[in-house]
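Chemist: The structure follows.
The values are calculated or read from the model by the stated rules, or taken from the named source; none is laboratory data. Quick caveat, the model's predicted, so the values are computed rather than measured. For neighbour counting, all protein chains shown are included, and Cβ atoms are generated from backbone atoms with ideal geometry for every residue, glycine included. Just so you know, the surface numbers come from the protein's heavy atoms only, side chains and all, with ligands and any DNA or RNA stripped out. Shrake-Rupley method; radii C 1.70, N 1.55, O 1.52, S 1.80 Å.
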Amino acid sequence: MIAGRRVHFGFPAAARRRCARIAAPLTLLALAACDTPTSMLAGAGRDAVLVERLFWIMLSAAALIWVLVNGIAFYAARTEANPERERVARLFVVWCGMIVPTVVLVALLVGGMLLLRDMRGPRPDFQVTIDGEQYWWRVGYDTPAGRVVTANEIRLPAGRTVGLALASTGVIHSFWAPALGGKMDLIPGRTNRMTLTPLEPGRWGGNCAEFCGTAHAQMRFEVEVMPAPDFDRWLAAEAASARVASDAGLAVFTSAGCGACHAVRGTGNAGTTGPDLTHLASRRTMAAGILPLDRDTLAAWIRDPAALKPGALMPAFPDLKDDAMQPLLDFLTGLK
Amino acid sequence: MTRFRRVIDEGAIWVLAAPLSIWAAHFLLCYWVAAIWCAKGWDEAVRMRTVHAGLTLAALAVIASLAGLARRRYRGELRVDEAIEGDSDADRNRFLGHVALMLAALAALAVVMTFLPTLVFRQC
């Protein structure tokens, strides 16, 4: 720097005001996103709490370092060169340029690894298998009486550790419920394992986090965390066979060939290509968490799935007449 | 060997590339060992951590000997702010030795950091 010359960092007051006007609403918008069901700052699971703690530590440290570095740069630009202080400057470079960053990096590395070890640590109380399909999630609960299969809505008990076995048949997907914990890929040909310990009852969102095809962004899921006794009751009900509310609807379901892809336990329909529909009506959403589950949406979906979810692999049934559709809807919405 | 004198003998520059090459080799070997040990289930017989520790000690020993070479043969000094401004052969050698020493320190640190995960995670 040329001795005696000062550098001005000041912006015109009008520009500063303009920046503030833009930045303030953006900051509020960003903060509002912290309280949604898919926010990693919601802290609804043990792992998410650990990650959140690391996030705040790193954010505070980064902010502190940013303020220090910019403060020193500001000071350096406003002060005049002084050859007599060169020794101090060299010491400063050695300490702040080499030793302190090395120590900070090693500490961050060790801290991050210890956190990762803690997240892998707990022994699961029970197992859930999750298979990534195009474009939905097959969920299986291992119970002493056998596997209970459902789709797209995962219910978990608060306070218990669940072991997730993640697999895929076609392409790579990634399972991520940010409010509950970390993310893990589903890779064809192998089973990846992770654990989740939900703490906060509520409905939390998740999404496929690895591009898997046309409807990747519509491959969502919901995790409902329930008090443990409620979960046990739900799982027992979910293991039961389907309640058939409309025999005429079941006849349509079977004759139209729906059972080639969908299972409805207790009705002889046992397809495994599409989601298990045994307790379809107990779910709040359909088409992998993107649509509300109601009569009209179901009818529109059956007539043309790709119109609601581009890339959906279920074939369309545009020719289903109303006298067949209505009993079919009675049957499907009766599958509690 | 007079033709390649500067490549492998007096004032040779390989001493600059060697420390970081040792780190790269150590990194690669640690990954291979971890992958093979865990895939084959050999961790029960010989702990993966023991193999990693052996590799790390060997890498650090080689880096230390390179640092010794840089000090003895090149008269390098481990002073961060050393200014070498002459243009004689001796200055050139001193510069090579100085840089090699700094790189050896960096490589030693990198080797230790590669070993750290094995210390934290005790199993495959």
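Chemist: Consider A:Leu105 carefully, then state whether it is open to solvent by 70 Å² or more (accessible area, probe 1.4 Å) and without any contact (Cβ under 8 Å) to a residue 24 or more places away in the chain. Walk me through it before giving the result.
Modeler: Values: open to solvent by 70 Å² or more (accessible area, probe 1.4 Å): yes; without any contact (Cβ under 8 Å) to a residue 24 or more places away in the chain: yes.
In short, yes.
Chemist: Pairs needed: first member in the stretch B:95-118, under 30 Å from B:Met48 (Cα atoms); second member anywhere, among the polar types (S, T, N, Q); C-beta distance under 9 Å; at least 6 residues apart or different chains.
Modeler: B:Ala107/B:Ser21; B:Leu109/A:Thr102; B:Val111/B:Thr56; B:Val112/B:Thr56; B:Thr114/B:Thr56; B:Phe115/B:Thr56; B:Thr118/B:Thr56
Chemist: Continuing with the same structure: Please determine whether any residue of the stretch A:133-144 is open to solvent by less than 90 Å² (accessible area, probe 1.4 Å), in contact (Cβ under 8 Å) with a residue 12 or more places away in the chain, of a type in the set (Lys, Arg) and under 30 Å from A:Ala217 (Cα atoms).
Modeler: yes
Chemist: Would you confirm, using the coordinates I've provided, whether B:Asp87 is surrounded by 14 or more Cβ atoms within 10 Å (Cβ to Cβ), more than 14 Å from the chain's Cα centre (by Cα) and of a type in the set (Asp, Glu)?
Modeler: Values: surrounded by 14 or more Cβ atoms within 10 Å (Cβ to Cβ): no; more than 14 Å from the chain's Cα centre (by Cα): yes; of a type in the set (Asp, Glu): yes.
Against the criterion (surrounded by 14 or more Cβ atoms within 10 Å (Cβ to Cβ), more than 14 Å from the chain's Cα centre (by Cα) and of a type in the set (Asp, Glu)), B:Asp87 does not qualify.
Chemist: Within the stretch B:82-90, does at least one residue satisfy the condition of being over 16 Å from B:Leu16 (Cα atoms), more than 14 Å from chain A (Cβ to nearest Cβ), in a helix (DSSP H, G or I) and modelled with pLDDT under 95?
Modeler: Checked the stretch B:82-90: at least one residue is over 16 Å from B:Leu16 (Cα atoms), more than 14 Å from chain A (Cβ to nearest Cβ), in a helix (DSSP H, G or I) and modelled with pLDDT under 95.
Chemist: Would it be correct to say that A:Leu91 is under 30 Å from A:Leu180 (Cβ atoms) and within 14 Å of chain B (Cβ to nearest Cβ)?
Modeler: Here the answer is no, as A:Leu91 does not meet what is asked.
Chemist: Something else about it: With the requirement that a residue be surrounded by 18 or more Cβ atoms within 10 Å (Cβ to Cβ) and within 19 Å of A:Ser255 (Cβ to Cβ), what does the stretch A:302-316 give you?
Modeler: A:Ile302, A:Met314
Chemist: Just to be sure, is A:Thr143 within 14 Å of chain B (Cβ to nearest Cβ) and either of a type in the set (S, T, N, Q) or at positive phi (or both)? Full working, then the answer.
Modeler: Details: within 14 Å of chain B (Cβ to nearest Cβ): no; either of a type in the set (S, T, N, Q) or at positive phi (or both): yes.
When the stated conditions are applied, A:Thr143 does not pass them.
Chemist: Can you tell me which of A:Leu328, A:Leu313 is of a type in the set (A, V, I, L, M), farther than 27 Å from A:Ala177 by Cβ and touching a residue at least 60 places away in the same chain (Cβ under 8 Å)?
Modeler: After ruling out the rest, the residue left standing is A:Leu328.
Chemist: On the basis of being within 14 Å of another protein chain (Cβ to nearest Cβ), touching a residue at least 40 places away in the same chain (Cβ under 8 Å) and surrounded by 12 or more Cβ atoms within 10 Å (Cβ to Cβ), does B:Ala64 make the cut? Outline the logic, then answer.
Modeler: Values: within 14 Å of another protein chain (Cβ to nearest Cβ): no; touching a residue at least 40 places away in the same chain (Cβ under 8 Å): yes; surrounded by 12 or more Cβ atoms within 10 Å (Cβ to Cβ): yes.
Here the answer is no, as B:Ala64 does not meet what is asked.
Chemist: Continuing with this model, one more query. Name the residue, out of B:Leu106, B:Leu78, that is assigned to a helix (DSSP H, G or I), within 13 Å of chain A (Cβ to nearest Cβ) and open to solvent by 60 Å² or more (accessible area, probe 1.4 Å).
Modeler: Only one candidate qualifies: B:Leu106.
Chemist: For a quick check of your reading of the model, give me the residue pairs whose first member lies in the stretch B:23-45 and is modelled with pLDDT of 90 or more, whose second is among the aromatic types (Phe, Trp, Tyr), with beta-carbon atoms closer than 9 Å and at least 6 apart or on different chains.
Modeler: B:His26/B:Phe115; B:Cys30/B:Phe115; B:Ile36/B:Trp42
Chemist: Filter the stretch A:15-61 down to the residues that are open to solvent by 60 Å² or more (accessible area, probe 1.4 Å), more than 14 Å from the chain's Cα centre (by Cα) and modelled with pLDDT of 85 or more and list them by number.
Modeler: A:Arg46, A:Arg53, A:Phe55, A:Trp56, A:Ile57, A:Met58, A:Leu59, A:Ser60
Chemist: Okay, moving on. Tell me whether the stretch A:62-80 contains one or more residues that are more than 30 Å from A:Ala209 (Cβ to Cβ), over 36 Å from the mean Cα position of the chain (by Cα), open to solvent by 70 Å² or more (accessible area, probe 1.4 Å) and modelled with pLDDT under 90.
Modeler: Yes, the conditions are met somewhere in the stretch A:62-80.
Chemist: Quick one: count up the residues across the stretch B:34-55 that are assigned to a helix (DSSP H, G or I), surrounded by fewer than 19 Cβ atoms within 10 Å (Cβ to Cβ) and of a type in the set (Val, Ile, Thr).
Modeler: 2
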